[in-house]
Amino acid sequence: MPKHNADIAIIFEEIADLLEIQGANPFRIRAYRNAARVVGELSQEVSQLLEKGDDLTRLPGIGNDLASKIKEIVVSGYCGLLERLHAELPPAITELLKIPGLGPKRVKALYHDLDVQTVEQLYRAARDGRIRAVPGFGEKTENNILQAIEAHTHQSQRFKLAVAAQYAEALQKFLLAIPGAAQVTLAGSYRRMRETVGDLDILIVASTSSPVVQRFTTYDEVVEILSAGATRASVMLKCGLQVDLRVVKEESYGAALHYFTGSRAHNIAIRRIAQKKGLKINEYGVFRNNIRIAGKSEASVYAAVGLPYIPPELRENRGEIVIAKTGQLPRLVEQTDLRGDLHAHTKATDGHNTLREMALAGLSHGFEYLAITEHSRRLVFTHGLDPLRLMQQCDEIDQLNAELKGITLLKSIEVDILEDGNLDLPDSALARLDLVVGAVHSNFNLSRARQTERILRAMQHRYFTLLAHPTGRLLQRRAPYDVDMLRIIREARKRGCFLELNAHPERLDLLDTHCQMAKEEGVLVSINSDAHSIYDFSNLRFGIGQARRGWLEKQDVLNSRSLKQLRLLINRTMS
Ligand code: DGT
Ligand code: CA
Ligand code: CA
């Protein structure tokens, strides 16, 4: 909630920027800029002035209108005018203002003359040489814009975990082959299984004579050596991923691993506990009066501060330390706990493999069951199933099940949830299925209330079993749609339905915080691959990572159940 002077100043600056892009009255624009400066430079918080009953119009340049806006922000935490301006302008336009060299005047010109609304459109316009033609711009400005965007996107670029994993694992293999390199561990957000990572942090235990750092910098994907010393180096890979490497002594390995795994917030909280016990923690060890008492293993670091080992995925300072003190940390779910997968496609729609190939691949992953969940007819571009084709597939599954040993295919569908909450296929078709997976694939922009209602209605359907990718977000591409997840989870609880954690690397949906919510409300989560080919089952590990970040244990996961137990759970008798 913005209450500090700096927050209010930022709001007023943004209002001024947006007004300027709109071409508003210059006096009005200047009034907001002035107010931003006055409030921003004030030594006392305006919230306190208001509390004392002071009259804000006594501040220079603050009239009745601005005074009431300040009050609105302090009291309600938001500003109606700013909301209105956001609604009137393209949502991404403020992103343009963050490009160095682009002020509101220039953004306005680009928006009006070239219909540039996003950084991407700006980049294309600059690259295609269209910007130099706009009055007030020239070739030089165009080049500067191009460079600024490149620097800007480079800087803020984060890598999807699965993408980072490809680079990380190849590099790890390379490093392990260096003579004298004993142990090569990925730390940082990568080890915490965050859905995206900013850079890779690698720790190596190596003999002092090992040429680790020198070899590292000659890795053939390195384009730039940012720094290199005796025991550390940072490089940039061709793909734009930065890698920080540290060489540590065996006796310090645990302390360094703890330090560089983070998160920063978790580390700070642990250090505070240590301080209270008269201990000092750093990346070299845990010390009492400068004598090392721990640090070889991470467990020894935790033990020194009186805590059990805390798994990396929990280290976000989101309550894990308090729980650890009580000895009640969750026993996090592991990939070997999964007995099956409840979301997979075949060639019948947009998958690449046959039923049989998918079944055999599932078997080789140790699955006892695999649900076949094609798209429904509404998704025409995937060749979605109509009732007739669904019945044909059900027949094929029955035949295949009679023949297969060790794995059972479950008859299912990823049925579209229509805008009004109805399902895309009639009950007569759904009745034959073992379970019904429902998903939203359209109308992402409904209001929160309508989107929530839509999904609740779908879940109230007598055959509904599992809500697929519940927020619809695509990492770095599409924001989650706006829904009341707590209501959805509670409805699932009431109806005996379940939520999916879709392990597709672009989705990882449920979010970790929603996993926690589901667990607290007693709703089981199914960790599914959404496989479109036999290779996609390996993505389950990222779903497991996300589930662990969401504190899920084996018992919280639907597809940790045996087929027999699963059938009992999904065969609820509906009224
Ligand atoms: P990222 O790379 O943005 O996805 O996130 P992290 O968590 O990997 O952050 P990074 O790479 O900056 O640093 C790796 C870990 O090293 C971080 O989680 C905690 C530790 N660390 C780095 N710098 C500091 C620091 O100044 N203070 C403390 N306490 N820890 C730090
Ligand atoms: Ca990192
Ligand atoms: Ca780093």
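The values are calculated or read from the model by the stated rules, or taken from the named source; none is laboratory data. The structure displayed is predicted, hence computed values, not measured ones. Positions of Cβ are backbone-derived with ideal geometry, glycine not excepted, and every protein chain shown enters the neighbour counts. To get the accessible areas, we keep the full protein, side chains included, count just its heavy atoms, and leave off ligands, DNA and RNA. Shrake-Rupley method; radii C 1.70, N 1.55, O 1.52, S 1.80 Å.
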- Task: Just one of (1) open to solvent by 50 Å² or more (accessible area, probe 1.4 Å); (2) in contact with a His (Cβ under 9 Å, 6 or more places away or on another chain); (3) without any contact (Cβ under 8 Å) to a residue 40 or more places away in the chain trips up Asn289, so point out which.
- Result: (2)
- Which one is least open to solvent (accessible area, probe 1.4 Å) among residues in the stretch 303-356 that are within 27 Å of the chain's Cα centre (by Cα) and of a type in the set (Ser, Thr, Tyr)? Tyr309
- Message: Any residue in the stretch 71-89 that is under 18 Å from His4 (Cα atoms) sitting within a Cβ distance under 6 Å of a residue that is open to solvent by 70 Å² or more (accessible area, probe 1.4 Å)? List the pairs, counting only those 6 or more apart or interchain.
- Response: Val74/Lys3; Gly77/Met1
- Filtering the stretch 219-235 for residues that are open to solvent by 60 Å² or more (accessible area, probe 1.4 Å) and either touching a helix residue (DSSP H, G or I) at 6+ places or on another chain (Cβ under 8 Å) or not assigned by TED's automatic domain parsing to the domain that holds Tyr167 (or both) leaves a count of 5
- Query: So is Ala269 open to solvent by 60 Å² or more (accessible area, probe 1.4 Å), over 29 Å from Ile178 (Cα atoms), outside the structural domain of His532 (by TED's automatic domain parsing) and not in a loop (DSSP other than H, G, I, E, B) or not?
  - Reply: no
- Listed residues Glu51, Glu14, Glu45, Glu20; which is in contact with a Ser or Thr (Cβ under 9 Å, 6 or more places away or on another chain) and among the charged types (D, E, K, R)? Glu14
- Query: How many of the residues making up the stretch 184-203 are more than 10 Å from ligand 2 (Cβ to nearest atom) and open to solvent by 20 Å² or more (accessible area, probe 1.4 Å)?
  - Reply: 3
- Would you check which residues across the stretch 436-461 are closer than 26 Å to Lys411 by Cβ, of a type in the set (S, T, N, Q) and either open to solvent by 40 Å² or more (accessible area, probe 1.4 Å) or assigned to a strand (DSSP E or B) (or both) and list them? Gln460
- Query: Picking from Lys280, Lys238, which residue would you name as being open to solvent by 20 Å² or more (accessible area, probe 1.4 Å), basic (Lys, Arg) and more than 28 Å from the chain's Cα centre (by Cα)?
  - Reply: Lys280
- Examine the stretch 323-346 for a residue that is at pLDDT 95 or above, within 20 Å of Asn401 (Cα to Cα) and either basic (Lys, Arg) or not assigned by TED's automatic domain parsing to the domain that holds Cys497 (or both), and state whether such a residue exists. yes
- Counting only residues in the stretch 414-434 that are touching a Leu at 6+ places or on another chain (Cβ under 6 Å) and hydrophobic (A, V, I, L, M, F, W, C), the one surrounded by the most Cβ atoms within 10 Å (Cβ to Cβ) is identified as Val415
- Item | Residue among Ala468, Ala479 that is free of Cβ contacts under 8 Å to residues at least 24 places away in the same chain and small (Gly, Ala, Ser) | Ala479
- Is there a residue in the stretch 209-218 that is over 30 Å from Gly319 (Cβ atoms), of a type in the set (Lys, Arg), more than 16 Å from ligand 3 (Cβ to nearest atom) and not assigned by TED's automatic domain parsing to the domain that holds Ala324? yes
- Task: Mind checking which helices (runs of 4 or more DSSP H) fall wholly inside the stretch 152-249 and carry at least 1 residues that are more than 20 Å from Tyr284 (Cα to Cα) and away from ligand 1 (no atom under 11 Å from the Cβ)?
- Result: 161-176, 212-217
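Residues checked against (1) outside the structural domain of Arg507 (by TED's automatic domain parsing); (2) modelled with pLDDT of 95 or more; (3) hydroxyl-bearing (Ser, Thr, Tyr):
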{"position": "Leu388", "(1), (2), (3)": "no, yes, no"}
{"position": "Ile413", "(1), (2), (3)": "no, yes, no"}
{"position": "Ser428", "(1), (2), (3)": "no, yes, yes"}
{"position": "Ala439", "(1), (2), (3)": "no, yes, no"}
{"position": "Asn445", "(1), (2), (3)": "no, no, no"}
- Message: open to solvent by 30 Å² or more (accessible area, probe 1.4 Å), under 32 Å from the mean Cα position of the chain (by Cα), without any contact (Cβ under 8 Å) to a residue 12 or more places away in the chain and away from ligand 2 (no atom under 16 Å from the Cβ): is that true of Arg264 in this structure?
- Response: no
